[in-house]
1. Only residues that are in contact with a helix residue (DSSP H, G or I) (Cβ under 7 Å, 6 or more places away or on another chain) and within 16 Å of residue 349 (Cβ to Cβ): list them for the range 179-200, please.
2. Could you list, in sequence order, all residues of the range 7-31 that are in a helix (DSSP H, G or I), touching a helix residue (DSSP H, G or I) at 6+ places or on another chain (Cβ under 7 Å) and either outside the structural domain of residue 149 (by TED's automatic domain parsing) or at pLDDT 75 or above (or both)?
3. Looking at the structure I just gave you, is residue 136 under 30 Å from residue 232 (Cα atoms), in the same structural domain as residue 77 (by TED's automatic domain parsing), in contact (Cβ under 8 Å) with a residue 60 or more places away in the chain and surrounded by 20 or more Cβ atoms within 10 Å (Cβ to Cβ)?
4. Mind checking whether some residue in the range 140-147 is part of a loop (DSSP other than H, G, I, E, B) and in contact (Cβ under 8 Å) with a residue 40 or more places away in the chain?
5. Residues of the range 139-156 being surrounded by fewer than 18 Cβ atoms within 10 Å (Cβ to Cβ) and over 17 Å from residue 34 (Cβ atoms), which ones?
6. On the basis of being in contact (Cβ under 8 Å) with a residue 24 or more places away in the chain and in contact with a helix residue (DSSP H, G or I) (Cβ under 6 Å, 6 or more places away or on another chain), does residue 213 make the cut?
7. Scan the range 328-336 and give yes if some residue there is without any contact (Cβ under 8 Å) to a residue 60 or more places away in the chain and farther than 19 Å from residue 244 by Cβ, otherwise no.
8. Anything in the range 175-186 that is surrounded by fewer than 24 Cβ atoms within 10 Å (Cβ to Cβ), at negative phi and out of contact with any strand residue (DSSP E or B) (no Cβ under 6 Å at 6 or more places or on another chain)? List them, or say none.
(Lines give C-alpha, C1' and ligand atoms only; values in the text may rest on other atoms or scores of the structure.)
Protein backbone atom coordinates (compact mmCIF):
# COMPACT_ATOMS: atom_id res chain seq x y z
CA UNK A 1 0.00 0.00 0.00
CA UNK A 2 2.81 2.40 0.86
CA UNK A 3 4.56 1.70 -2.46
CA UNK A 4 1.30 2.52 -4.27
CA UNK A 5 1.13 5.83 -2.38
CA UNK A 6 4.70 6.62 -3.41
CA UNK A 7 3.94 5.87 -7.05
CA UNK A 8 0.84 8.07 -6.92
CA UNK A 9 2.92 10.91 -5.47
CA UNK A 10 5.47 10.56 -8.28
CA UNK A 11 2.73 10.69 -10.91
CA UNK A 12 1.28 13.81 -9.27
CA UNK A 13 4.70 15.51 -9.33
CA UNK A 14 6.01 15.40 -12.92
CA UNK A 15 9.55 16.71 -13.27
CA UNK A 16 9.71 20.24 -14.72
CA UNK A 17 11.78 20.98 -17.83
CA UNK A 18 15.27 22.10 -16.81
CA UNK A 19 18.21 23.47 -18.80
CA UNK A 20 20.63 20.80 -17.52
CA UNK A 21 20.48 17.01 -17.30
CA UNK A 22 22.90 16.88 -14.36
CA UNK A 23 23.86 19.04 -11.39
CA UNK A 24 26.77 21.38 -12.18
CA UNK A 25 29.01 23.48 -9.93
CA UNK A 26 26.97 26.47 -11.09
CA UNK A 27 23.93 25.05 -9.32
CA UNK A 28 25.74 25.66 -6.04
CA UNK A 29 26.97 29.16 -6.86
CA UNK A 30 24.06 31.01 -5.26
CA UNK A 31 23.32 32.68 -8.59
CA UNK A 32 20.90 32.15 -11.45
CA UNK A 33 21.33 28.37 -11.73
CA UNK A 34 20.86 27.91 -8.00
CA UNK A 35 17.67 29.93 -8.08
CA UNK A 36 16.34 28.02 -11.08
CA UNK A 37 17.05 24.71 -9.37
CA UNK A 38 15.37 25.78 -6.13
CA UNK A 39 12.43 27.55 -7.75
CA UNK A 40 11.53 24.66 -10.04
CA UNK A 41 12.28 22.02 -7.44
CA UNK A 42 12.49 22.59 -3.72
CA UNK A 43 10.28 25.66 -3.31
CA UNK A 44 7.50 24.52 -5.63
CA UNK A 45 7.44 20.93 -4.43
CA UNK A 46 7.76 21.59 -0.69
CA UNK A 47 5.79 24.84 -0.65
CA UNK A 48 4.22 25.96 2.64
CA UNK A 49 3.43 29.25 4.32
CA UNK A 50 6.76 29.41 6.19
CA UNK A 51 9.14 28.16 3.48
CA UNK A 52 7.50 30.44 0.90
CA UNK A 53 8.87 33.51 2.72
CA UNK A 54 12.35 32.45 1.51
CA UNK A 55 14.15 34.20 4.35
CA UNK A 56 17.57 33.21 5.70
CA UNK A 57 15.79 31.46 8.55
CA UNK A 58 12.31 30.39 9.59
CA UNK A 59 10.02 32.21 12.02
CA UNK A 60 8.22 29.69 14.21
CA UNK A 61 5.50 30.12 16.79
CA UNK A 62 5.76 27.45 19.48
CA UNK A 63 4.74 27.53 23.13
CA UNK A 64 6.01 25.22 25.85
CA UNK A 65 8.78 22.66 26.03
CA UNK A 66 10.34 21.66 22.72
CA UNK A 67 12.59 18.87 21.45
CA UNK A 68 15.32 19.47 18.88
CA UNK A 69 17.31 16.93 16.86
CA UNK A 70 19.68 16.85 13.90
CA UNK A 71 21.13 14.10 11.72
CA UNK A 72 23.11 13.65 8.51
CA UNK A 73 22.48 10.97 5.91
CA UNK A 74 25.06 9.53 3.49
CA UNK A 75 23.64 6.14 2.63
CA UNK A 76 25.11 4.16 -0.26
CA UNK A 77 23.42 3.42 -2.59
CA UNK A 78 21.13 6.45 -2.45
CA UNK A 79 18.28 4.39 -3.95
CA UNK A 80 17.52 1.06 -2.31
CA UNK A 81 14.60 -1.39 -2.08
CA UNK A 82 11.81 0.32 -0.17
CA UNK A 83 13.07 3.89 -0.35
CA UNK A 84 15.82 6.39 -0.99
CA UNK A 85 18.00 8.84 0.88
CA UNK A 86 15.31 11.55 0.73
CA UNK A 87 12.60 9.86 2.75
CA UNK A 88 15.27 8.29 4.97
CA UNK A 89 16.43 11.81 5.94
CA UNK A 90 12.92 12.94 6.83
CA UNK A 91 11.96 9.76 8.68
CA UNK A 92 15.21 9.65 10.62
CA UNK A 93 14.78 13.05 12.21
CA UNK A 94 11.02 12.67 12.68
CA UNK A 95 11.63 9.44 14.58
CA UNK A 96 14.38 10.95 16.72
CA UNK A 97 11.91 13.60 17.87
CA UNK A 98 9.12 11.07 18.39
CA UNK A 99 11.15 8.84 20.72
CA UNK A 100 11.84 11.95 22.82
CA UNK A 101 8.09 12.17 23.35
CA UNK A 102 7.67 15.12 20.99
CA UNK A 103 5.22 15.82 18.20
CA UNK A 104 7.44 16.68 15.18
CA UNK A 105 6.49 19.95 13.50
CA UNK A 106 9.26 21.55 11.44
CA UNK A 107 12.40 20.44 9.60
CA UNK A 108 15.40 22.10 8.04
CA UNK A 109 16.75 20.43 4.90
CA UNK A 110 20.29 20.81 3.57
CA UNK A 111 21.85 19.17 0.53
CA UNK A 112 25.50 18.62 -0.34
CA UNK A 113 25.36 17.46 -3.95
CA UNK A 114 28.20 16.09 -6.03
CA UNK A 115 28.63 17.61 -9.45
CA UNK A 116 27.19 15.24 -12.05
CA UNK A 117 24.18 13.96 -10.11
CA UNK A 118 21.37 13.38 -12.60
CA UNK A 119 18.50 15.82 -12.37
CA UNK A 120 16.05 12.93 -12.60
CA UNK A 121 17.63 11.39 -9.49
CA UNK A 122 17.53 14.68 -7.60
CA UNK A 123 13.87 15.09 -8.52
CA UNK A 124 13.02 11.58 -7.35
CA UNK A 125 14.70 12.34 -4.02
CA UNK A 126 12.71 15.59 -3.69
CA UNK A 127 9.44 13.77 -4.41
CA UNK A 128 10.32 11.19 -1.73
CA UNK A 129 10.96 14.03 0.72
CA UNK A 130 7.59 15.55 -0.08
CA UNK A 131 5.87 12.18 0.39
CA UNK A 132 7.61 11.54 3.72
CA UNK A 133 6.79 15.03 5.02
CA UNK A 134 3.12 14.69 4.16
CA UNK A 135 2.94 11.22 5.72
CA UNK A 136 4.58 12.46 8.93
CA UNK A 137 2.68 15.78 8.88
CA UNK A 138 5.81 17.94 9.12
CA UNK A 139 6.93 21.00 7.16
CA UNK A 140 10.33 21.82 5.69
CA UNK A 141 10.75 25.48 6.64
CA UNK A 142 14.38 26.32 5.85
CA UNK A 143 17.43 24.76 4.24
CA UNK A 144 20.55 25.05 2.12
CA UNK A 145 22.08 23.64 -1.06
CA UNK A 146 25.78 23.24 -1.82
CA UNK A 147 27.52 21.56 -4.77
CA UNK A 148 31.00 19.98 -4.57
CA UNK A 149 33.33 18.96 -7.40
CA UNK A 150 33.03 15.51 -8.92
CA UNK A 151 34.96 13.06 -6.79
CA UNK A 152 34.61 15.19 -3.63
CA UNK A 153 31.30 13.66 -2.55
CA UNK A 154 29.21 10.60 -3.29
CA UNK A 155 26.20 11.79 -5.30
CA UNK A 156 24.33 13.46 -2.44
CA UNK A 157 24.47 13.94 1.34
CA UNK A 158 21.49 15.29 3.27
CA UNK A 159 21.21 16.93 6.69
CA UNK A 160 17.88 17.38 8.42
CA UNK A 161 17.23 19.11 11.74
CA UNK A 162 13.85 19.10 13.40
CA UNK A 163 11.86 20.64 16.21
CA UNK A 164 8.69 19.44 17.88
CA UNK A 165 6.47 20.16 20.85
CA UNK A 166 6.71 17.81 23.81
CA UNK A 167 3.53 15.82 24.37
CA UNK A 168 2.03 16.74 27.76
CA UNK A 169 1.67 13.06 28.77
CA UNK A 170 5.24 12.14 27.85
CA UNK A 171 7.80 11.43 30.56
CA UNK A 172 10.55 9.86 28.49
CA UNK A 173 13.86 9.64 30.32
CA UNK A 174 16.51 7.05 30.97
CA UNK A 175 16.29 8.04 34.63
CA UNK A 176 12.77 6.58 34.74
CA UNK A 177 13.88 3.04 33.93
CA UNK A 178 13.46 0.69 36.88
CA UNK A 179 13.98 -2.95 37.77
CA UNK A 180 11.11 -5.04 36.41
CA UNK A 181 10.46 -2.87 33.36
CA UNK A 182 9.64 -4.83 30.24
CA UNK A 183 11.50 -4.18 26.99
CA UNK A 184 9.35 -4.19 23.87
CA UNK A 185 10.57 -4.19 20.27
CA UNK A 186 8.12 -2.77 17.75
CA UNK A 187 8.96 -5.01 14.80
CA UNK A 188 11.38 -7.19 12.80
CA UNK A 189 15.06 -6.36 13.22
CA UNK A 190 17.84 -5.87 10.63
CA UNK A 191 15.53 -5.25 7.66
CA UNK A 192 16.98 -1.87 6.62
CA UNK A 193 20.59 -2.98 6.86
CA UNK A 194 19.96 -6.12 4.84
CA UNK A 195 18.01 -4.20 2.20
CA UNK A 196 21.11 -2.05 1.67
CA UNK A 197 23.52 -4.99 1.77
CA UNK A 198 21.45 -7.10 -0.62
CA UNK A 199 21.90 -4.36 -3.24
CA UNK A 200 25.61 -3.92 -2.53
CA UNK A 201 26.35 -7.65 -2.61
CA UNK A 202 23.95 -8.53 -5.44
CA UNK A 203 22.07 -11.04 -3.30
CA UNK A 204 18.87 -12.51 -4.71
CA UNK A 205 16.01 -13.89 -2.65
CA UNK A 206 12.55 -15.23 -3.40
CA UNK A 207 11.14 -11.79 -2.61
CA UNK A 208 12.90 -8.45 -2.34
CA UNK A 209 14.03 -7.40 1.12
CA UNK A 210 12.83 -3.82 1.52
CA UNK A 211 13.97 -1.19 3.99
CA UNK A 212 11.68 -0.62 6.96
CA UNK A 213 12.23 3.15 6.77
CA UNK A 214 9.04 4.92 7.82
CA UNK A 215 7.81 7.63 10.15
CA UNK A 216 6.90 6.38 13.62
CA UNK A 217 5.57 9.59 15.13
CA UNK A 218 1.85 8.82 14.78
CA UNK A 219 2.34 5.33 16.26
CA UNK A 220 4.36 6.63 19.20
CA UNK A 221 2.04 9.54 19.99
CA UNK A 222 -0.93 7.13 20.12
CA UNK A 223 0.96 5.01 22.64
CA UNK A 224 1.88 8.05 24.74
CA UNK A 225 -1.76 9.14 24.72
CA UNK A 226 -2.83 5.77 26.11
CA UNK A 227 0.03 4.81 28.44
CA UNK A 228 1.57 8.16 29.38
CA UNK A 229 4.10 7.98 32.21
CA UNK A 230 4.12 4.18 32.20
CA UNK A 231 6.37 4.52 29.15
CA UNK A 232 9.74 5.12 30.76
CA UNK A 233 12.03 5.23 27.73
CA UNK A 234 11.77 5.08 23.94
CA UNK A 235 14.69 4.81 21.55
CA UNK A 236 15.27 3.84 17.93
CA UNK A 237 18.01 1.25 17.28
CA UNK A 238 19.53 2.61 14.08
CA UNK A 239 23.33 2.36 13.65
CA UNK A 240 24.76 -0.33 15.91
CA UNK A 241 21.42 -2.10 16.05
CA UNK A 242 19.42 -3.38 19.00
CA UNK A 243 22.43 -4.84 20.82
CA UNK A 244 24.44 -1.62 20.93
CA UNK A 245 21.50 0.50 22.06
CA UNK A 246 20.61 -1.90 24.89
CA UNK A 247 24.24 -2.06 26.04
CA UNK A 248 24.47 1.74 26.09
CA UNK A 249 21.32 1.94 28.22
CA UNK A 250 22.49 -0.78 30.63
CA UNK A 251 25.78 1.03 31.19
CA UNK A 252 24.24 4.49 31.57
CA UNK A 253 21.45 3.32 33.90
CA UNK A 254 23.74 0.97 35.87
CA UNK A 255 21.15 -1.78 35.55
CA UNK A 256 21.12 -5.27 34.04
CA UNK A 257 19.14 -6.29 30.97
CA UNK A 258 18.02 -9.79 30.03
CA UNK A 259 16.81 -10.50 26.49
CA UNK A 260 15.57 -13.71 24.87
CA UNK A 261 16.56 -14.66 21.33
CA UNK A 262 13.35 -16.65 20.72
CA UNK A 263 11.29 -13.50 21.30
CA UNK A 264 13.24 -11.21 18.94
CA UNK A 265 11.22 -10.81 15.73
CA UNK A 266 13.10 -11.17 12.43
CA UNK A 267 12.01 -11.98 8.89
CA UNK A 268 13.20 -15.40 7.67
CA UNK A 269 14.86 -13.97 4.54
CA UNK A 270 16.60 -11.28 6.56
CA UNK A 271 17.89 -13.92 8.97
CA UNK A 272 19.16 -15.95 5.99
CA UNK A 273 20.89 -12.91 4.51
CA UNK A 274 22.60 -12.18 7.82
CA UNK A 275 23.77 -15.78 8.08
CA UNK A 276 25.04 -15.74 4.49
CA UNK A 277 27.09 -12.60 5.14
CA UNK A 278 28.23 -13.64 8.61
CA UNK A 279 26.43 -10.78 10.34
CA UNK A 280 24.71 -10.80 13.72
CA UNK A 281 21.25 -9.26 13.13
CA UNK A 282 21.32 -7.73 16.61
CA UNK A 283 23.99 -5.32 15.36
CA UNK A 284 22.43 -4.49 11.97
CA UNK A 285 20.90 -1.02 11.50
CA UNK A 286 17.15 -0.43 11.56
CA UNK A 287 15.14 2.58 10.39
CA UNK A 288 11.52 1.77 11.22
CA UNK A 289 11.75 0.31 14.71
CA UNK A 290 11.73 1.53 18.27
CA UNK A 291 12.47 -0.02 21.65
CA UNK A 292 10.19 0.72 24.59
CA UNK A 293 10.93 0.35 28.30
CA UNK A 294 7.53 0.23 29.99
CA UNK A 295 6.14 -0.55 33.42
CA UNK A 296 5.49 -4.28 33.75
CA UNK A 297 1.86 -3.64 34.67
CA UNK A 298 1.05 -2.30 31.20
CA UNK A 299 3.43 -4.39 29.06
CA UNK A 300 0.87 -6.86 27.70
CA UNK A 301 -1.65 -4.13 26.92
CA UNK A 302 1.11 -2.04 25.32
CA UNK A 303 2.05 -4.89 22.98
CA UNK A 304 -1.57 -5.58 22.08
CA UNK A 305 -2.11 -1.91 21.23
CA UNK A 306 1.09 -1.76 19.21
CA UNK A 307 0.26 -4.91 17.25
CA UNK A 308 -2.93 -3.21 16.00
CA UNK A 309 -0.81 -0.48 14.40
CA UNK A 310 0.71 -0.95 10.93
CA UNK A 311 4.14 -0.18 12.40
CA UNK A 312 3.90 -2.77 15.16
CA UNK A 313 2.23 -5.91 13.83
CA UNK A 314 5.14 -8.14 14.92
CA UNK A 315 5.88 -6.31 18.20
CA UNK A 316 7.02 -8.48 21.11
CA UNK A 317 8.33 -8.30 24.65
CA UNK A 318 11.99 -9.26 24.19
CA UNK A 319 13.32 -8.86 27.72
CA UNK A 320 13.32 -7.03 31.02
CA UNK A 321 15.40 -4.83 33.31
CA UNK A 322 16.97 -6.76 36.19
CA UNK A 323 18.99 -6.07 39.32
CA UNK A 324 21.53 -8.78 38.56
CA UNK A 325 24.65 -8.15 36.43
CA UNK A 326 24.46 -4.31 36.36
CA UNK A 327 25.76 -2.67 33.17
CA UNK A 328 25.51 -5.99 31.33
CA UNK A 329 23.11 -7.27 28.66
CA UNK A 330 22.64 -11.04 28.74
CA UNK A 331 21.09 -12.88 25.80
CA UNK A 332 19.47 -16.27 26.34
CA UNK A 333 19.76 -18.20 23.10
CA UNK A 334 17.02 -20.25 21.49
CA UNK A 335 18.54 -23.42 22.96
CA UNK A 336 18.93 -21.98 26.46
CA UNK A 337 22.58 -20.92 26.50
CA UNK A 338 23.55 -17.45 27.68
CA UNK A 339 26.09 -14.93 26.44
CA UNK A 340 27.09 -11.37 27.19
CA UNK A 341 26.03 -8.84 24.56
CA UNK A 342 28.55 -6.06 23.97
CA UNK A 343 28.54 -2.90 21.88
CA UNK A 344 29.42 -3.08 18.20
CA UNK A 345 33.24 -2.98 18.30
CA UNK A 346 33.73 -1.35 14.89
CA UNK A 347 31.93 -0.42 11.68
CA UNK A 348 29.85 -3.42 10.66
CA UNK A 349 28.01 -1.83 7.73
CA UNK A 350 29.46 1.51 6.58
CA UNK A 351 27.29 4.13 4.87
CA UNK A 352 24.06 2.46 6.00
CA UNK A 353 22.05 5.58 6.84
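1. 189, 190, 191, 194, 197, 198 - these are the residues of the range 179-200 that are in contact with a helix residue (DSSP H, G or I) (Cβ under 7 Å, 6 or more places away or on another chain) and within 16 Å of residue 349 (Cβ to Cβ).
2. 26, 27, 28
3. Criteria met by residue 136.
4. no
5. Listed by number, the residues that qualify are 150, 151, 152, 154.
6. yes
7. Yes, that holds for at least one residue.
8. If the condition is that a residue be surrounded by fewer than 24 Cβ atoms within 10 Å (Cβ to Cβ), at negative phi and out of contact with any strand residue (DSSP E or B) (no Cβ under 6 Å at 6 or more places or on another chain), then 175, 178 are the ones that fit.
The values are calculated or read from the model by the stated rules, or taken from the named source; none is laboratory data. In this text the structure is predicted, and so the values were computed from the model without any measurement. Every residue, glycine as well, gets a Cβ built from its backbone with ideal geometry; the counts of neighbours run over all protein chains shown.
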